[in-house]
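Q: Before anything else, here's the structure in question.
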């Protein structure tokens with residue numbers, strides 16, 4: 001995986017953990033609220049080589065009760081968050 | 001692929017095509033502006049079974065000159081766009 005992708009995904013992981021914890025949800029609790037298995041959530045949050053697809057992103061957003069765009073609402077090297 | 005995922009990805013494809021065409025970009029022109037191959041862009045826009053990962057989403061956004069969240073800024077079955 002390219003360094004730029006690793007950086008972008010690390011920000012995603014940080015954002016996912018923040019959104020989950022802000023809602024007082026454990027990884028297991030989140031897995032009960034969407035169609036993403038507990039072990040997959042744990043890997044997504046910790047494994048820097050994991051790249052997830054859009055449908056998983058959408059399900060995580062459903063579990064968190066947020067619009068999917070909130071999961072990627074942070075600064076990117078090629079654009080500033082408005 | 002589950003029907004709900006197909007619907008969600010169809011909306012993504014429609015949104016991607018709209019954003020690209022609004023900027024007067026062909027698929028080939030977009031491929032020169034990011035790290036996504038022309039044939040991959042064509043498949044992403046037309047193949048309903050294609051699921052793309054986050055790093056590809058980020059690169060497409062870079063090529064379009066938008067924040068990645070704009071590529072998924074539409075209504076979802078589990079949440080209304082604000």
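Q: Any idea which residue in segment B:63-80 is surrounded by the most Cβ atoms within 10 Å (Cβ to Cβ), counting only those that are more than 7 Å from chain A (Cβ to nearest Cβ) and free of Cβ contacts under 8 Å to residues at least 40 places away in the same chain?
A: Taking the candidates together, the pick is B:63.
Q: Looking only at segment A:43-62, decide whether some residue is farther than 20 Å from residue B:68 by Cβ, at pLDDT 95 or above, more than 8 Å from chain B (Cβ to nearest Cβ) and in contact with a helix residue (DSSP H, G or I) (Cβ under 7 Å, 6 or more places away or on another chain).
A: no
Q: Also, I was wondering about something else. Could you check how many residues of segment B:10-19 are over 10 Å from residue B:45 (Cα atoms) and crowded, with 18+ Cβ neighbours inside 10 Å?
A: 1
Q: Looking at the structure I just gave you, is residue A:22 loosely packed, with under 14 Cβ neighbours inside 10 Å and touching a residue at least 12 places away in the same chain (Cβ under 8 Å)?
A: no
Q: Also, quick follow-up: If you go through segment A:24-41 one residue at a time, do you hit one that is away from chain B (no Cβ under 14 Å), closer than 24 Å to residue B:3 by Cα and in a loop (DSSP other than H, G, I, E, B)?
A: Yes: one or more hits.
Q: Return the only residue of A:9, A:19 being under 21 Å from residue B:51 (Cβ atoms) and either within 12 Å of the chain's Cα centre (by Cα) or in a helix (DSSP H, G or I) (or both).
A: A:9
The values are calculated or read from the model by the stated rules, or taken from the named source; none is laboratory data. Worth saying up front: this structure is predicted, and the values here are computed from it rather than measured. Glycine gets a Cβ as well: all are built from the backbone with ideal geometry, and neighbour counts include every protein chain shown.
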